[in-house]
């Protein structure tokens with residue numbers, strides 16, 4: 001039994017659920033190898049196609065999706081796959097108890113500059129249907145492909161971190177991630193300031209005012225442009241990630257997808273002691289209406305999320 005399998009066995013008595021996470025971990029090992037070779041093989045460019053979101057697809061978006069689908073098809077515990085790269089859910093033709101929602105390659109726009117990208121996934125009971133609240137998740141995780149390849153996973157308990165060894169083994173490197181309650185970092189794309197609502201403007205204005213401002217301390221801004229990279233930093237050392245509703249994304253409901261981006265990341269951050277919100281309600285409480293539904297996302301250290309919520313409460 002592998003090191004990851006031992007951990008899964010301790011965390012859940014459900015062997016089928018454990019197999020779902022192991023399947024995603026195995027897919028990630030293959031994706032990591034493909035990413036390692038991609039610059040040499042010329043696979044970092046655009047394909048000239050778009051996904052259901054209307055976003056330009058890179059070759060590695062499609063390759064990563066195909067890898068995940070192939071691994072999932074071989075697991076009889078999984079009956080449905082929802083992917084960012086596929087218009088419709090894939091019914092796998094078996095009676096597996098679980099469905100997986102995934103962004104196979106988050107942050108792929110950063111591939112040509114060798115910045116951390118990732119795979120995000122959410123696991124739900126298939127009996128609940130495709131459109132379930134984030135509170136219904138039975139597991140969630142992501143893989144960060146950076147200087148080291150990290151698997152971050154939660155099964156209704158602690159958020160554990162594993163690192164991929166040179167031998168292809170997932171070695172546990174952190175038993176329980178813990179997001180500090182307070183922080184001096186925030187992550188937001190300031191190039192979008194002209195579209196922000198007043199709550200976002202107010203929070204950022206207070207933060208950049210530093211020690212002399214209402215927040216009473218100095219802040220640093222961090223923004224990678226890969227959700228996995230930004231959230232991984234927050235899980236390791238705190239901070240807050242903001243992709244709020246703004247005047248440009250309002251007609252779509254937001255920028256990030258609920259089922260396979262917002263929900264799994266909120267599940268992980270809250271499991272590590274952090275908080276999450278859309279600005280109007282907790283992310284995990286949002287009732288899904290579509291598999292590709294978009295929502296605003298604010299998550300991270302409790303103190304920072306509460307400050308943002310306070311701005312929204314002002315009306």
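Assigned by TED's automatic domain parsing to the domain that holds residue 299, surrounded by fewer than 24 Cβ atoms within 10 Å (Cβ to Cβ), in contact with a helix residue (DSSP H, G or I) (Cβ under 8 Å, 6 or more places away or on another chain) and assigned to a helix (DSSP H, G or I): does that describe residue 270?
Yes, satisfied.
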key: Residue identified as touching a residue at least 60 places away in the same chain (Cβ under 8 Å) and within 12 Å of residue 308 (Cα to Cα) among 200, 278   = 200
task = Identify, from the list 179, 159, 153, 143, the residue that is farther than 18 Å from residue 261 by Cα and touching a residue at least 60 places away in the same chain (Cβ under 8 Å).
result = 179
message = Can you say whether residue 164 is under 16 Å from the mean Cα position of the chain (by Cα) and touching a residue at least 60 places away in the same chain (Cβ under 8 Å), as far as the supplied structure shows?
response = no
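Quick grid of which residues meet (1) crowded, with 17+ Cβ neighbours inside 10 Å; (2) modelled with pLDDT of 95 or more; (3) over 17 Å from the mean Cα position of the chain (by Cα):
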position	(1), (2), (3)
81	yes, yes, no
90	yes, yes, yes
95	no, no, yes
106	yes, yes, no
118	yes, yes, no
122	yes, yes, no
125	no, yes, yes
129	no, yes, yes
Residue check for residue 148: surrounded by fewer than 15 Cβ atoms within 10 Å (Cβ to Cβ) and out of contact with any helix residue (DSSP H, G or I) (no Cβ under 6 Å at 6 or more places or on another chain) = yes
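If I ask for residues that are in a helix (DSSP H, G or I) and surrounded by fewer than 15 Cβ atoms within 10 Å (Cβ to Cβ), which ones from the range 6-16 would you list?
Selection gives 6, 9, 10, 15, 16.
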task = Could you please let me know if residue 234 is assigned to a helix (DSSP H, G or I), touching a helix residue (DSSP H, G or I) at 6+ places or on another chain (Cβ under 8 Å) and modelled with pLDDT of 95 or more?
result = yes
Qualifying position, being in contact (Cβ under 8 Å) with a residue 40 or more places away in the chain, touching a helix residue (DSSP H, G or I) at 6+ places or on another chain (Cβ under 7 Å) and in the same structural domain as residue 278 (by TED's automatic domain parsing), among 242, 258 = 242
Residue that is more than 18 Å from residue 136 (Cα to Cα) and free of Cβ contacts under 8 Å to residues at least 12 places away in the same chain, where the choices are 113, 117, 90 = 113
query = For residue 313, which of the numbered conditions (1) surrounded by fewer than 24 Cβ atoms within 10 Å (Cβ to Cβ); (2) in contact with a strand residue (DSSP E or B) (Cβ under 7 Å, 6 or more places away or on another chain); (3) more than 20 Å from residue 150 (Cα to Cα) fails to hold?
reply = (2)
inquiry  = Criterion first (touching a strand residue (DSSP E or B) at 6+ places or on another chain (Cβ under 9 Å), surrounded by fewer than 23 Cβ atoms within 10 Å (Cβ to Cβ) and in a helix (DSSP H, G or I)) does residue 61 satisfy it?
reply    = no
message = Against the definition (closer than 27 Å to residue 312 by Cα, buried (at least 20 other Cβ atoms within 10 Å of the Cβ), at pLDDT 95 or above and not assigned by TED's automatic domain parsing to the domain that holds residue 282), how does residue 179 come out, yes or no?
response = yes
task = Among residues belonging to the range 19-44 that are free of Cβ contacts under 8 Å to residues at least 24 places away in the same chain and assigned to a helix (DSSP H, G or I), point out the one that is surrounded by the fewest Cβ atoms within 10 Å (Cβ to Cβ).
result = 40
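The values are calculated or read from the model by the stated rules, or taken from the named source; none is laboratory data. Computed from a prediction, not measured in an experiment: that's the story for all the values here. Glycine also receives a Cβ, built like all others from the backbone with ideal geometry; neighbour counts cover every protein chain displayed.
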